[in-house]
Structures are given as C-alpha cells and as structure tokens.
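Chemist: One structure is given below, represented as structure tokens, and several questions about it will come after.
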Amino acid sequence: MKKTFKVLLVATLIVTLILVGTVLAFGTESTQETEIKVQFNGENILFTDASPKIINGRTMVPFRQILETMGAIVTYDKQTNTVLAKSAQMELSFVIGETDITITKDNKTVIKKMDVAPFVDGKLGRTYVPVRFMAESMSYIVGWDNEEKTAVIIEPVILFKNADQDFSIIAKLFSSDLDLTKPYRNTAHFDMEFALYDTITPAEGLTYSIVGDMSGIQQKTNADLLMNLMINAEILSIPIEQQAQMEEMLDLFEKVVMKVKMNGETGTMYMNSNLFTIMDPSYDDNTWLKMNFFEIYDDMGLDIRPWINLSYSETSMSEMLGTFFSSMGDYNVSTYQNTKTAYASLKKLIGNEALKQQTYGGITTYTLNLENGSVLDLGFNGKIIIKEKDDSLYHYDIKGNGSVEGTIFILDISGDQKNQEMKMTFDQKDVIKMVLYVQTSLTETSEIPSLNPPSGAKIIDYN
C-alpha cells in the first residue's frame, strides 16, 4: 500500500501543477506568424543561417545548432558523414542519409531507427535532422503547438532541479529505510461499499460491498498474491424474470478466490479465480489467464512502466515529478513558463517553508495545515503531520476533506514505513458513492515470489 500511496501523493502534486498551469494559460496570447519555430525550455531558438522546415509531417532542424542548444558537444567526420554528439549524460552518433542512430547511456548502447533520415539541403548546405527524435533521444520532452507552429522541447531536470530541497519534508512520506531488493510479505484487509446510480433514475442502479483479505510475497516489481473476497451485490429494480438468473450469478461472488502472479519487469501476469467460470464454463480451478498488463495499457495509449518503477523504487522527488510530468503528453509554448509558475505556487503551498517544525523527545514533528481555499479556491481542508526519528520516517497522519461542484471527498491515512491504514469516502450525488477502508502491513521474509502457474496448469492467453 505504501507504493500506492507514493503514486497517489505525487500524482496529486502533478495534478495541482497542471490545474494551476491551466488557469495561468488563459492569459496567453498567440502569434499569427506561420514560420516554423522551435522552443527550448521556454525560449525560442534563433536559427542563424537555416530555418526549421516540415518534411513529410516531420519538423526538421539544422543538426549542429539544435544539438548544441540542448547541451551537446558536436563533431562531424566529413569522410564518413558521421555526426557525433556528446552530453554529460549520453552520446549519440548517426550517419547523414541513414536512419540508424546509436545511443550510449549508462554504459549501455542501443541502435534505434529514426522515422526520417538526416539529409543535406543542397541550396543552404546545411544538414537537417528530425527534432523530435533528437530531443527524445537525449531524454527531453517534445511537443507540438499547432496553433503557434512551434516544436516545444522541455528538459524536466531543469524544471524540477530544486524539488529535492524544496519538498524534502513532504518527500519523507515515501522515503524508506527498507531494502527494496529483499522480499516482503504483504498482508491487507479491505472493506468497500460502492453504489453506482442510474443518472436518469437514481433509485435504479447497482450497489455492492466487498470485504476481503490479501496476502502475498513482493520483491521489487514482482508479486505473488492471494485474495479472498466476499462480494455482496444488489441490482436495484430489475425485472422479476431476470432476478433468478442474476441471483445465481451473484451467489458466485460471495466467496471469491483470486490468485495473481505478476512480473513487473516484463509485464507478464497470470490470474486464476473461481469467477472465470462466468466467462467460460469450460474454465476450472486449474485455469490461468495470461496477459501482459504493459500491452493492455499501451493499447489505451498509456505507458505505465515509469509508474511501476516509481512505485517500487527509492526515487527522489525531482525524478518523480519529472517522470509524471513526462507522461502528460500535451505540451504547448506556454507549458514551460506556466509549470514554473505553478511550481512556485506549489512550493508556497506545501514546500518546506509551509510546514511548522517542533522537536521533542528525539522526535521531530512537521505540521502542515491546508485551509479552505488554499488550493485554487477549492473547498478543501486538510492537515498533514509527519514525524521523524533518527532522520527516518517515524509516523504520518494525513486528513483531508472537501467539496467540488457537489462532489464530496474525505481522506484519512496514517501509518509508518511498514504499516498503513486508509479511510476514504467519495460521493457524487445521484451518480456514484464509494466508502473504502484498507489496512496493510509489510514484514520481511525469506520467501521468494513465484511468478509462474503451478506445473500442469491450463494457461489461456487473454484476448
């Protein structure tokens, strides 16, 4: 649960940045110029003797100026037509006219293919390269502002370079002294009540409750879990002729057993449950569904690999903010400056200077009060208490409640590095209501998670 809390917290920070940036963006004026431009970290690049151009839907730019602007030292071998670009983090090399590009980073070398080969403009005598591929190869973010006809390049490291210092107290909430390379037994108890109403006739809809326990072994991004659930559901106002059929199906949910084996490096996941007979009567207790959850999210246009890595690793605040910012996927000419302004607002709201500090009996307590209207004038109240002992997280307590356009939410989380208790209520009148309680605990173990179904299992590829 701690990994889930980490993602929840950082996602909340990013959402706040996005919201503030959106509000600020309303005041941005647009230019009527149609020439192709390139912006790097909020500033337009002034190309001296050759301008960017669109070739087959790709923005192409003079290679030397763009690579040097992004911090690389560039050399060119005329005999082999090879361009070599070195930065502090990596090295790139490619041959003009060919699509292969060699990238060396962290002592690892890979060869990728560019969608457009670099070429020489005969009239200008300048070599052009695809700006998106070059920038992304150097781990920068690239967007396209169609209204401004501008390629936008952003360096997340620069945007969030001070985050580790500015938010070091809040960061204690997901810091850990645990050796994450070791296996841990994760046990959890959860209790949820859920109501989904018919938006036309609120008296009709679906209500159910889930009570259950989970236990399993986790190591890094791998997990071998067993869940036992009791699901009580009620279909409101269903026709009499359908009630008997529905009751038979609902009876199956009263004792659900779910086994999950997940390889967080490859994305391979196996699932086994007595509920699978609903999908296909031929499935039995020995049937396991195989799927790749990375590919499932890829099909939805979401890359969750960075999120998984953040959940299970000891990552700095600057790295986490950079990773989440990189997943936004929509950047324009205002994004860089708006994000800087939003960052300053977030620092004022929950940065180190916003917390009160008190030390007593070897324990340092940090307290942050979020009062009504402190976040974009939303009806939100909250309080965060972080306790530290011997430079390590000792205990935390987070409470919050608010109302936005009739939607009410209440959150109460407390715990330490190995234990957590969470209570949450989300209520959107006549649409949805959810009340959730979760209690989790981690203990170190010598067991290793089993990532494959038992011998003789019937494996079905999930489609």
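The values are calculated or read from the model by the stated rules, or taken from the named source; none is laboratory data. Everything numeric in this text was worked out from a predicted model, so none of it was measured. All Cβ positions, glycine included, derive from the backbone under ideal geometry; neighbour counts span all protein chains shown. All accessible areas refer to the heavy atoms of the entire protein, side chains included, with ligands and DNA or RNA removed. Shrake-Rupley method; radii C 1.70, N 1.55, O 1.52, S 1.80 Å.
Residue by residue, here is whether (1) more than 30 Å from Asp224 (Cα to Cα); (2) part of a loop (DSSP other than H, G, I, E, B); (3) at pLDDT 95 or above holds:
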site	(1), (2), (3)
Tyr394	no, no, no
Gly400	yes, no, no
Leu411	no, no, no
Glu421	no, no, yes
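Chemist: Continuing with this model, one more query. For the range 261-287, name all the residues that are touching a residue at least 60 places away in the same chain (Cβ under 8 Å), touching a helix residue (DSSP H, G or I) at 6+ places or on another chain (Cβ under 9 Å) and either part of a strand (DSSP E or B) or open to solvent by 50 Å² or more (accessible area, probe 1.4 Å) (or both).
Modeler: Met262, Thr268, Asp284, Thr287
Chemist: Okay, moving on. Return a yes/no flag: does the range 39-53 have any residue that is open to solvent by 80 Å² or more (accessible area, probe 1.4 Å) and either in contact with an Asp or Glu (Cβ under 9 Å, 6 or more places away or on another chain) or aromatic (Phe, Trp, Tyr) (or both).
Modeler: Among the residues of the range 39-53, not one is open to solvent by 80 Å² or more (accessible area, probe 1.4 Å) and either in contact with an Asp or Glu (Cβ under 9 Å, 6 or more places away or on another chain) or aromatic (Phe, Trp, Tyr) (or both), which makes the answer no.
Chemist: Within the range 66-90, which residues are open to solvent by 40 Å² or more (accessible area, probe 1.4 Å), of a type outside the set (Lys, Arg), touching a residue at least 12 places away in the same chain (Cβ under 8 Å) and over 21 Å from Asp115 (Cβ atoms)?
Modeler: Listed by number, the residues that qualify are Thr69, Gly71, Ile73, Tyr76, Thr80, Ala88, Gln89.
Chemist: Considering only residues of the range 192-227 that are closer than 22 Å to Phe293 by Cβ and open to solvent by 50 Å² or more (accessible area, probe 1.4 Å), which is modelled with the highest pLDDT?
Modeler: Here the answer is Leu226.
Chemist: Looking at this structure, is Tyr360 open to solvent by 70 Å² or more (accessible area, probe 1.4 Å), over 26 Å from Ile459 (Cβ atoms) and either among the hydroxyl-bearing types (Ser, Thr, Tyr) or at pLDDT 90 or above (or both)?
Modeler: The answer is yes for Tyr360.
Chemist: Out of the residues in the range 426-463 that are within 24 Å of the chain's Cα centre (by Cα) and of a type in the set (S, T, N, Q), which is most open to solvent (accessible area, probe 1.4 Å)?
Modeler: My answer is Gln439.
Chemist: Would you check which residues across the range 135-188 are of a type in the set (Val, Ile, Thr), farther than 17 Å from Gln39 by Cα and either out of contact with any helix residue (DSSP H, G or I) (no Cβ under 9 Å at 6 or more places or on another chain) or part of a helix (DSSP H, G or I) (or both) and list them?
Modeler: Correct list: Ile170, Thr181, Thr187.
Chemist: Here's a follow-up. Of the residues Glu68, Glu98, Glu35, Glu43, which is modelled with pLDDT of 90 or more, over 32 Å from the mean Cα position of the chain (by Cα) and among the charged types (D, E, K, R)?
Modeler: Result of the check over Glu68, Glu98, Glu35, Glu43: Glu98.
Chemist: Mind listing just one residue for me: the one in the range 108-138 that is more than 24 Å from the chain's Cα centre (by Cα) and aromatic (Phe, Trp, Tyr) and, of those, most open to solvent (accessible area, probe 1.4 Å)?
Modeler: Top of the filtered list is Phe119.
Chemist: Of the conditions (1) open to solvent by less than 40 Å² (accessible area, probe 1.4 Å); (2) over 26 Å from the mean Cα position of the chain (by Cα); (3) modelled with pLDDT of 95 or more, Gly373 clears all except one; give me its number.
Modeler: (3)
Chemist: I would also like to ask the following. For the range 337-355, check the following and say yes or no: at least one residue is surrounded by fewer than 13 Cβ atoms within 10 Å (Cβ to Cβ) and assigned to a loop (DSSP other than H, G, I, E, B).
Modeler: Checking the range 337-355: not a single residue is surrounded by fewer than 13 Cβ atoms within 10 Å (Cβ to Cβ) and assigned to a loop (DSSP other than H, G, I, E, B).
Chemist: Taking Lys105 as meeting all but one of (1) in contact with a Phe, Trp or Tyr (Cβ under 9 Å, 6 or more places away or on another chain); (2) surrounded by fewer than 18 Cβ atoms within 10 Å (Cβ to Cβ), write down the number of the exception.
Modeler: (1)
Chemist: Any residue that is open to solvent by 60 Å² or more (accessible area, probe 1.4 Å) and either modelled with pLDDT of 70 or more or closer than 30 Å to Ile448 by Cβ (or both) - is there at least one of those in the range 231-248?
Modeler: So far as the range 231-248 goes, yes, one or more of its residues are open to solvent by 60 Å² or more (accessible area, probe 1.4 Å) and either modelled with pLDDT of 70 or more or closer than 30 Å to Ile448 by Cβ (or both).
Chemist: Taking Ile141, is it touching a strand residue (DSSP E or B) at 6+ places or on another chain (Cβ under 8 Å) and open to solvent by less than 20 Å² (accessible area, probe 1.4 Å)?
Modeler: yes
Chemist: Evaluate the range 409-425: report whether one residue or more is among the basic types (Lys, Arg), without any contact (Cβ under 8 Å) to a residue 60 or more places away in the chain and either surrounded by fewer than 15 Cβ atoms within 10 Å (Cβ to Cβ) or under 24 Å from Gly264 (Cβ atoms) (or both).
Modeler: No - not one qualifying residue is present in the range 409-425.
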